[in-house]
Amino acid sequence: MKLNDIELDALAEVFNLGVGQAAHALSQLAGEPVQLSVPKIALLTADEISAQVVDPRSPRVCAVRQGFSGEIATEAVLMFPEEQSLLLVQIMVGDSVPLDQLSEMEQEALAEIGNILLNSVVASVADTLGIRLEGSLPEVQVGSSQEVLRDDNRPSSEPLLSLQIRFDIDARQIQGYLAFLLDMESGDTLERRIGDFIAGVTRNTT
Amino acid sequence: MTRVMVVDDSRVSRMMIRNKIETLRPGWTLVEAASGEDAIAQAQQQAPDHVTMDLNMGGMNGFEAAQRLLTLFPGLRLALLTANIQESSRERAQALGVLFVAKPVTDAAVLALVQHFEGARP
């Protein structure tokens, strides 16, 4: 798989639409504006991806992973520094959950935050490309970025199509990453779908 | 007395939905179910007037549970409250004749549910 410039541009744009949806959802949760980077798209191994997202000040991350399957299969991951997880949960639940129960519910709340954000992006991408994807239940993991991105079912040297988006909630000093990983087969299917998308856009403008 | 069943596999989501509905309508009785199967079992005893339903749950998914509940209780007003906001899910909700509300669980989202339950058109 080798994406040309126009395909890379279209892929970034399609994900941008989805990221916009996720930003809207996150800002609704946080009650604050959310900044999102443009998607960074590259063919990388899981270790190379983790090297890019690691923050030397807080090497342990909290991650919510969710698999999506259908015409393409993707592993969607929300990651942020471990010490920010309780703050993120507090922002989401407000006063709906008593403080003494908050840490007990932290994992469930994080799973739900991941579920909302990852689904926002995936739904938008699926709708734009005219495909339907089914999501698995979200799973929360804490560890180094290598640990949370590792998948025992695939060799660590396998190149993956990776789309990474960094998000920042400046007012709360929270930052993290959304990452979408596709194996080569799904990457090829995505490339074809992007080709169809470009053809559709070109038809409509000529 | 109005009885609402909140169906969601996330305990936190159930608490947030409950809290917001109780604030808006203090007289309503809230019942919680953690899965589609649990919702069907509880509905037989609790006979809810209205249901909020998550979609992506382990076991029976929200569509299947909604369909079964609507067959069992044809007068039920049901709303899907879900993170699965794909167009295909919205279309399926429309075909079922139920309200579709996107998560997160905000005041505005819960107000839309409550108004739907009270008969206002979305």
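The values are calculated or read from the model by the stated rules, or taken from the named source; none is laboratory data. Here the structure is a predicted model, which is why all the values come from computation and not from measurement. A quick note on method: Cβ atoms are made from the backbone with ideal geometry, for glycine too, and the neighbour counts reach across all protein chains shown. Surface accessibility is based on the protein's heavy atoms, side chains included, excluding ligands, DNA and RNA. Shrake-Rupley method; radii C 1.70, N 1.55, O 1.52, S 1.80 Å.
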* Which of the residues spanning the range B:70-94 are of a type in the set (S, T, Y) and not in a helix (DSSP H, G or I)? -> B:T82
* Asked: Within the range B:32-56, can you find the residues that are open to solvent by less than 10 Å² (accessible area, probe 1.4 Å) and in contact with an Asp or Glu (Cβ under 7 Å, 6 or more places away or on another chain)?
  -> B:G36, B:D54
* Could you please give the count of residues in the range A:124-168 that are within 14 Å of another protein chain (Cβ to nearest Cβ) and not charged (D, E, K, R)? => 13
* To do: Determine which single condition A:V121 fails, assuming it passes every other condition in (1) of a type in the set (A, V, I, L, M, F, W, C); (2) away from every other protein chain (no Cβ under 11 Å); (3) open to solvent by less than 60 Å² (accessible area, probe 1.4 Å).
  => (2)
* **Total residues in the range A:167-206, condition in a strand (DSSP E or B) and not hydrophobic (A, V, I, L, M, F, W, C)** => 4
* Structure fact -> Taking the range A:127-166 and keeping residues of a type in the set (S, T, Y), under 20 Å from A:K40 (Cα atoms) and part of a strand (DSSP E or B) leaves A:S162
* **Single residue of the range B:1-31 satisfying the filter (crowded, with 22+ Cβ neighbours inside 10 Å, without any contact (Cβ under 8 Å) to a residue 60 or more places away in the chain and more than 13 Å from chain A (Cβ to nearest Cβ)) that is farthest from A:I91 (Cα to Cα)** => B:M5
* Taking the options A:L133, A:L88, A:L99, A:L110, name whichever one is modelled with pLDDT of 90 or more and closer than 18 Å to B:S10 by Cα. => A:L110
* To do: Would you be able to say whether some residue in the range B:73-91 is among the acidic types (D, E) and modelled with pLDDT of 95 or more?
  => no
* Structure fact -> Scanning the range A:151-180 residue by residue, those buried (at least 20 other Cβ atoms within 10 Å of the Cβ) and over 16 Å from A:V19 (Cβ atoms) turn out to be A:L160, A:L161, A:I174
* **All positions within the range B:64-122 that are within 14 Å of chain A (Cβ to nearest Cβ), open to solvent by 80 Å² or more (accessible area, probe 1.4 Å) and without any contact (Cβ under 8 Å) to a residue 60 or more places away in the chain** => B:E87, B:R90, B:E91, B:R92
